[in-house]
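Only one structure is covered here, and it is reproduced in the block below.
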Amino acid sequence: MSKDCLFCRIAAREIPSEIVFENERIIAFRDINPAAPVHILVIPKEHIESVAHLEAEHEALMGEIVISIQKLAAQEKLDEGFRIVVNTGREGGQTISHLHFHLLGGRNLQWPPG
Ligand code: 5GP
Ligand code: ZN
């Protein structure tokens, strides 16, 4: 865990958040500034900066995160569809340097993004 990292501190429950799922490796919580009726952030507990920093050893963890998002989407009744977004790096719009998957749904999402 990184002491300077907001999402590590959320995972350690040092900073409160509305947690919707947790296991040994993953935690999911609602975004503080939702961009859609359902907006959940799913993160590995391990401090990995971004997709650009993934290693081969993270392969199973990434699969587990996507399957956990599928379950969360069902739990949130996003039967009409949803979107998974992983902003990566400065030009990719990443503002927090701890890998996070956005689960967005509950309205018609536009494409392409800005
Ligand atoms: P990014 O722009 O890096 O892809 O996404 C960061 C997300 O984290 C944003 O959607 C932002 O609203 C959310 N966020 C920032 N600070 C906090 C916080 O303290 N708590 C929660 N729950 N979400 C946060
Ligand atoms: Zn972190």
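The values are calculated or read from the model by the stated rules, or taken from the named source; none is laboratory data. Everything numeric in this text was worked out from a predicted model, so none of it was measured. A quick note on method: Cβ atoms are made from the backbone with ideal geometry, for glycine too, and the neighbour counts reach across all protein chains shown. All accessible areas refer to the heavy atoms of the entire protein, side chains included, with ligands and DNA or RNA removed. Shrake-Rupley method; radii C 1.70, N 1.55, O 1.52, S 1.80 Å.
Miscellaneous remarks
- Bins of 5 Å from zero: percent of alpha-carbon pairs in the stretch 6-105: 2, 13, 25, 26, 21, 10, 2, 0
- Length added when fully stretched, T88-R25, from 0.36 nm per residue minus Cα-Cα: 20.6 nm
- Where labels lie 7 Å past Cα in the beta-carbon direction, separation of Q110 and S2 in nm: 3.2 nm
- In the stretch 6-105, the portion of solvent-accessible area held by carbon and sulfur atoms comes to 51 percent [1.4 Å probe, whole percent, DNA, RNA and ligands not counted].
- Using alpha-carbon coordinates, inclination of helix 59-75 to the longest axis of the chain, degrees: 40 degrees
- For the stretch 73-114, the list of trypsin sites (Lys or Arg not before Pro) that fall in a loop by DSSP and count at most 14 other C-beta atoms within 10 angstrom reads K77, R90, R107.
- The chain - mean residue ellipticity at 222 nm from DSSP helices (-39,500 (n - 2.57) per run, n ≥ 4, rounded to 500): -6000 deg cm²/dmol
- Solvent-accessible heavy-atom area per residue, rounded to whole Å², over the chain at 1.4 Å: 63 Å²
- Loop GluC sites (Glu not before Pro), the stretch 1-58 (other Cβ atoms within 10 Å of the site Cβ: 10 or fewer; DSSP): E18, E24, E55
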